[in-house]
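Working notes, structure below.
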Amino acid sequence: RFDHTRGTSPQFGIDLEPNHPSDFLEDINIIGAQTDANYGGGILIVLQRLNKSSPKVTIRIEGHVSIGEQKPYRTVGVEGVPGSIYYSKGSP
């Protein structure tokens, strides 16, 4: 459970944001997470600093429950980045 994040941007409950093109986001599994009333939103994935030569991204988010958030799930800069991101909502 990730709740009531407020203060430092981006203010999401979960934020995956690599800093360098060589960073790894591999075999990441987030299963059954609940995000609640985070100021920015539930789950954010920002891949702007990766590129087509970066290691493959493999992220799986399953059964995510978002409560009281306008942005339950958001991705930024995923175009051209190798790999895959899977996302599914859960039921509250």
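Checking each residue in the stretch 45-61 for being of a type outside the set (S, T, N, Q), surrounded by fewer than 20 Cβ atoms within 10 Å (Cβ to Cβ) and within 15 Å of I30 (Cβ to Cβ) picks out only R60. Quick one: in the stretch 1-57, of everything that is over 20 Å from G77 (Cβ atoms) and charged (D, E, K, R), which residue is farthest from the chain's Cα centre (by Cα)? The residue in question is R6. Filtered by the rule that a residue be among the hydroxyl-bearing types (S, T, Y) and in a loop (DSSP other than H, G, I, E, B), the stretch 38-60 gives Y39, S53, S54.
Checking each residue in the stretch 8-32 for being part of a loop (DSSP other than H, G, I, E, B), within 13 Å of K71 (Cα to Cα) and not polar (S, T, N, Q) picks out only P10. Considering T5, T35, the condition of being of a type in the set (S, T, N, Q), buried (at least 18 other Cβ atoms within 10 Å of the Cβ) and in a strand (DSSP E or B) is satisfied by T35 alone. Is it true that some residue in the stretch 67-82 is of a type in the set (F, W, Y), open to solvent by 60 Å² or more (accessible area, probe 1.4 Å) and within 13 Å of the chain's Cα centre (by Cα)? Yes: one or more hits.
The values are calculated or read from the model by the stated rules, or taken from the named source; none is laboratory data. Please read these numbers as outputs of a predicted model, since none were measured by experiment. So basically every Cβ, Gly included, is an ideal-geometry build from the backbone, and we count neighbours across all protein chains shown. Only protein heavy atoms, including side chains, enter the accessible area calculation; ligands, DNA and RNA are left aside. Shrake-Rupley method; radii C 1.70, N 1.55, O 1.52, S 1.80 Å.
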